[in-house]
Amino acid sequence: MSLWFVVNSASAKVAKKGAILPKLADIHGAVLRDVTDFSAVEQLAQDALAAKANHIVIEGGDGTVHGVLTAFLRYEKARNLPRFTLVPGGNTNQVSRNIGLSSATQSALAKALSKDADITHAPLIRVKDKSGGKHYGFLFSTGALPQVTDYTKEQLHDRGIGGSLAVIGGILKGVSGDNALTKPTNIDLNLYTDHKVKLRGPHLGTIITTLPGLILKLDPFWGGGKRPLRVTYVDGSHRKLLRNVASLWIGNKGKDRSDDGLYSWTADRIKIRYQGPCVLDGEVLDLSKRFNIRATKPLKFAR
């Protein structure tokens, strides 16, 4: 087995407590690479593919996973990529909590590398803008949600508040009605389900994911169907946002929330015309005015 370990030494948890992969690379006979500043991440992907690596272990946060998987997907089709294992090493580790290891321990890693590993098949979001640029990740948002992300990073993470507490703080700030964070922005969105859904005008935000769940059991999606993209849209004239978020948090997915300006679907693809903040897995994207969103073929994740 050609095994590669990829670590981001600058990820929040890794920087604070240290990484486990460098300590275990020799034991498992793995090639070890560090992507601290991401300047060599594309070369890393090329080298691993050229070496016919069949298992890549990534230790870092959501941004690290986003950056490394994007590099691999830019050079190879999803169906041909090796197996991946995600080791939590960031602040929130939302992706790892869903399809990676629950803890950064030697025993958890050993199982993921064994023949008894649990295998999850999960697609990624592919965001392609008019210029041809492609970005890959698991959680995409527009509108107020990127502003909440910035608030969480700047006001909470920078003050030493991390993990679930920071997420809770960001969510509560976002649904509190703070006009600085919840000013509607205009969007032109075509969503393809079993029919075409057109959305025009001011919106509070859109959130799109391919993950089976989100952090802290808050999973704000209730649209039916088996399509790979789960989408929730909040228009600019929304009402009772805090009450609806609380209801979703306790698992009430059966309610129609359209009277309050909240909608949810599953979709095969989305076309968007929008000039405003966009975030993919916590990383700000610089996109052209028009861009499309699809899901990749599923990748294999071992845990």
Seminar exercise, completed: Honestly the stretch 180-245 on the Cα gyration tensor test (a ≥ b ≥ c root eigenvalues; a/c under 1.5 rounded, otherwise a/b vs b/c for prolate or oblate) is just oblate
Seminar exercise, completed: Taking Cα atoms, the helix 163-174 axis meets the longest principal axis of the chain at an angle in degrees (rounded to 10) of 20 degrees
Problem set entry | Estimated inter-spin distance, Asn54 and Asp37, nm [label 7 Å along Cα→Cβ] | 3.6 nm
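With a ≥ b ≥ c taken as the square roots of the eigenvalues of the C-alpha gyration tensor of the stretch 1-56, please select rounded if a/c is under 1.5 and otherwise prolate if a/b is larger than b/c or oblate if it is not?
Values: a/c = 3.26, a/b = 1.29, b/c = 2.52.
Verdict is oblate for the stretch 1-56.
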For this session: Please list, in chain and number order, the residues 5+ apart from Gly205 or on another chain whose amide H is under 5 Å from its amide H, with Hs placed from the backbone.
Result: Ala144, Val234
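Mind jotting down a quarter of the surface of the convex hull over the alpha carbons of the chain, in square nanometres, one decimal? Each step should come with its number before you reach the end.
Details: hull surface 60.6 nm².
Averaging across all directions leaves 15.1 nm² for the Cα convex hull.
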Exercise. In what sequence, largest accessible area first, do Leu49, Leu81, Leu21 appear using a 1.4 Å probe?
Worked result: Leu49, Leu81, Leu21
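May I ask which of Lys134/Lys217; Lys77/Lys128; Lys196/Lys300; Lys198/Lys289 have a Cα-Cα span longer than 20 Å here?
Numbers: Lys134/Lys217 30 Å; Lys77/Lys128 15 Å; Lys196/Lys300 31 Å; Lys198/Lys289 17 Å.
The answer is Lys134/Lys217; Lys196/Lys300.
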Seminar exercise, completed: In the chain the DSSP beta bridges are antiparallel at a rate, in percent to nearest 5, of 75 percent
For this session: Please work out the Kirkwood hydrodynamic radius for the stretch 221-303, using every pair of different C-alpha atoms, and report it in angstroms with one decimal place.
Result: 15.1 Å
Exercise. Tilt of helix 62-75 relative to the longest C-alpha principal axis of the chain, in degrees (0 to 90, nearest 10)?
Worked result: 80 degrees
Exercise. What are the radius of gyration and Dmax of the stretch 36-86, computed over its Cα atoms and given in Å?
Worked result: 10.1, 28
Exercise. Comparing Gly63, Gly143, Gly133, which has the greatest mean-square fluctuation in the GNM of the chain with Cα pairs linked when under 10 Å apart?
Worked result: Gly133
Seminar exercise, completed: Residue separation between Lys226 and Asn80 times 0.36 nm, minus their alpha-carbon distance, gives in nm 50.2 nm
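Around Pro220, with a cut-off of 15 angstrom between Cβ atoms, what is the net charge of the other residues, counting Lys and Arg +1 and Asp and Glu -1? Walk me through the numbers on the way to the answer.
On the way: positive: Lys217, Arg230, Lys240, Arg243, Lys253, Lys255, Arg257; negative: Asp219, Asp235, Asp256, Asp260.
Net charge around Pro220: +3.
For the chain, what is the accessible area per residue in Å², given a 1.4 Å probe and the full set of protein chains?
On the way: 14090 Å² over 303 residues.
Dividing the accessible area of the chain by its residue count gives 47 Å².
Classify the stretch 5-118 as rounded, prolate or oblate, taking a ≥ b ≥ c as the square roots of the eigenvalues of its Cα gyration tensor: rounded when a/c is under 1.5, otherwise prolate if a/b is larger than b/c and oblate if not.
Working: a/c = 1.38, a/b = 1.15, b/c = 1.20.
It is rounded, given that a/c, with a ≥ b ≥ c, falls under 1.5.
The values are calculated or read from the model by the stated rules, or taken from the named source; none is laboratory data. The model shown is predicted, which means the values in this text are computed figures rather than measured ones. Because the Cβ atoms are built from the backbone with ideal geometry, glycine has one as well, and the counts that use them run over all protein chains shown. With ligands, DNA and RNA removed, areas are computed over all heavy atoms of the protein, side chains included. Shrake-Rupley method; radii C 1.70, N 1.55, O 1.52, S 1.80 Å.
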